[in-house]
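Every read-out reported here was derived from the displayed coordinates using simple, explicitly stated rules and does not represent laboratory data. Not measured: the values here are computed from a predicted model. Ideal geometry is used to build each Cβ from the backbone, glycine not excepted, and the neighbour counts take in all protein chains shown.
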Amino acid sequence: MGKEKIIISPVTRIEGHAKITIDLDENKNVEDARLHVTQYRGFEKMCEGRPYAEMPGLTARTCGICPVSHAISSSKACDNLLAVRPPKAGRNLRRIINLAQIIQSHALNFYHLSSPDFVFGFDAAPEDRNIFKLMQTHPQMAKDGINLRAFGQKIIETLGGKRIHPTWIVPGGVSHEISVETKDSILASIPEALEIAQTALKYFTENLHKFKKEIDSFANFPSLFMGLVNKKGNIEHYDGFLRFIDSQGNILEDGIDPRFYKDYIGEAVEEDSYLKSPYYKPLGYPNGMYRVGPLARLNIANACGTPLADIEFEKFKNINNGKPVLNTFYYHYARLIEIIYGIERIEQLLNEPQTLDTQIRAHANINRNQGVGCSEAPRGTLFHDYQADDNGIITGVNLIIATGNNNLAMNAGVKQVAQTFLDGNDIKEGALNRVEAVIRCFDPCLSCSTHAQGIVSSTIEIRDEKKKIIQTIRRG
Amino acid sequence: MTIIVGFGNDLRGEDGFGIDVIKKLQNYDLPNTKLISTFQLTPELSLELKEATRLIFIDATFSNINNYSLACNLEEYKHDQLSHHISIRTILMILERLYNTKPEYELYSMFTNSFNEIIDEKNYEKAIKKVVEFIKTVN
């Protein structure tokens, strides 16, 4: 028997479309496995020729999930072009909407996309492994998911004017201040959101013991971690400095101004995917594989800086005796801790008197011809890098999307899970689900890191070494 | 209460049909009626819709034939996995399973194959008018 290939397409319960191919050797053991992002994104090119002020609104259209993240990084890149720093109120309000975005996105991943695996198990029948079954068996959990996402979305709508593609975040700050009533209405919704998040965290940690095999094999390998930290080295989502650590927790780089990201991050292109593969330059490609997102943010940080999140942060750090947590399954845990942090931090920011100031935006003309904006999106560190002429017309754009930073790690994770769970002689649905589930740990947003074009069929194809299809499995 | 939800992307040509119908409906004082216009249906929309005794959804649906004609067929909407956007069927299921409410519902879906621009403005407007008049009459 020759080599065979298994294709999972599309990968389900993620944002966007991708496929996974699994190559079997002559003995039907998994030889290799890869994630292919099958969508094309052309935003860098589309933005050329546009006035800089349009960029936050334009690039926010990259994605319907995290438009706020793009608007934040984009506006920061524009701040950089103008050589301005928004007033404190503008910065605080941007921070609040960014955290609201992270909360609603994390809630979507945990409750709607991933919880069916936790509740029903990875080997449950596919027709049961979804949110609809969850509604039947765990209606309160399903309601909690809706309410927690609504909490984040409501803040985005209240501040930004609309839930999807708000235009309130602008170069120099934000377009209007908030009232006391708005502040009070958000504050009033915080206790319920916090209670929901804590309930989810309790459920998750109490059930972790059921997933030992998955924890041990879901992209559990040494890698670097990268993200933003503040001056104290604590978790940071809006501003701060880049920090790289290795798998032992040694700090490789610290205090890096994100404007100089190109000195540390290289970008490789692979033939079989539209998603580029960033890497840590000093180690080269592909050895410079690093991870970003919730797990990385907690791994690189000294603390969260809010009371309840810090209690959980300590427990998280104890998983690997203070060293970085390498098991990608713990992205879910980190995500829940970040939700708690986000809610607490929003409360802190709203209670800062300066947040209500009416000075919310700095105005200037173009003062630089290059601007870089960087922030933490739900899925990791996001870079917007613009070149503009003296009239403010964009002449070049480079985007490193959060999901893209994890591309090398996702590929390595898919391979590890496939080799652990998949038997080429007896391909079980549960094994294929685990291959997809490792991707869901990273919560990739592929419509964002690329862009949709066409409809991908819902099939798994098993092919021999001549690429002849020998088996087709319909999924979904 | 009747809630009318128009959804679509008004930057994508005839996909904005639902949004444009809602814009027109805003000119009328429909009794006990709430109008919602949104890019896409999301899970948290159910928090607003659970108050409804009657729901009307308006959108555009892909078809290569009979463009600008209206259909009312929920079978067009797959029983999808919940993600960042969901179908009408899913919304109805959420309302029933989580909030124990089963409002009457209607769907006005305009056939189109143009999600880039409005190809035939006259027929597009005619379809909008047809839905608006029908909703006004029924109300």
- Item | For peptides B:112-119, A:49-56, A:410-417, sequence by mean Cβ density within 10 Å, most packed first | A:410-417, A:49-56, B:112-119
- Query: For residue A:222, what is the net charge nearby, where nearby means another residue's Cβ is under 13 Å from its Cβ and Lys, Arg count +1, Asp, Glu -1?
  - Reply: +1
- Listed with the fewest Cβ neighbours within 10 Å leading, A:157, B:14 appear as A:157, B:14
- Point-to-point label distance, residue A:321-residue B:102, nm (Cα→Cβ direction, 7 Å offset): 6.0
- Task: Ignore the peptide's own chain and count Cβ atoms of other chains within 10 Å of each Cβ in A:127-133; give me the average, rounded.
- Result: 3
- Query: If the label point is 7 Å along Cα→Cβ of residue A:187, which residues in region A:321-361 have backbone nitrogen under 15 Å from it?
  - Reply: A:344-357
- Message: If you consider only alpha-carbon coordinates, what radius of gyration and Dmax does the protein assembly as shown have, in Å?
- Response: 24.0, 72
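Sorted by mean Cβ packing within 10 Å, highest first, what order do the peptides A:97-103, A:260-266 take?
A:97-103, A:260-266
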- Task: Evaluate the distance, in nm, between pseudo-label points positioned 7 Å from the Cα of residue A:311 and of residue A:389 along their respective Cα→Cβ axes.
- Result: 5.9
- R0 of 56 Å, Cβ-Cβ distance residue A:287-residue A:198: FRET efficiency to nearest 0.05: 0.90
- Task: Tally the DSSP beta bridges in the protein assembly as shown and give the antiparallel ones as a percent, rounded to 5.
- Result: 70
- How do A:43, B:17, B:57 line up, fewest other C-beta atoms within 10 Å first? A:43, B:57, B:17
- Residues whose built amide H sits under 5 Å from the amide H of residue B:113, excluding neighbours closer than 5 in sequence, are B:63
- Query: Once Lys and Arg get +1 and Asp and Glu get -1 on their Cβ, which of B:64, B:124, B:88 lies farthest toward the positive end of the dipole of region B:2-138?
  - Reply: B:88
- Rounded to the nearest 0.05, what FRET efficiency is calculated for residue B:129 and residue A:253 with R0 set to 60 Å and r the Cβ-Cβ distance? 0.45
- For region B:2-138, taking Cα atoms only, what is the radius of gyration to one decimal and the Dmax to the nearest whole Å? 14.3, 42
- Summing +1 for each Lys or Arg and -1 for each Asp or Glu, what net charge is found among the other residues whose Cβ lies under 12 Å from the Cβ of residue A:352? +3
- What is the mean number of Cβ atoms from other protein chains located within 10 Å of the Cβ atom of each residue in peptide A:148-154, rounded to a whole number? 3
- Return the whole-Å distance between the Cα centroid of region A:311-374 and the Cα centroid of region B:109-139. 45
- Message: I'd like the Kirkwood hydrodynamic radius of region A:330-426, using the inverse of the mean 1/r over distinct C-alpha pairs, in Å.
- Response: 18.0
- Listed peptides A:432-440, A:362-370, A:237-245 by packing density, highest first (mean Cβ within 10 Å): A:432-440, A:237-245, A:362-370
- Neighbourhood net charge (12 Å Cβ-Cβ; Lys/Arg +1, Asp/Glu -1) for residue A:421: -3
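Apply the Kirkwood formula to region A:78-198: the hydrodynamic radius equals the inverse of the mean of 1/r over all pairs of different alpha-carbon atoms; give it in Å with one decimal.
16.1
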- Item | residue B:69/residue A:46 FRET efficiency (R0 41 Å; Cβ-Cβ; nearest 0.05) | 0.75
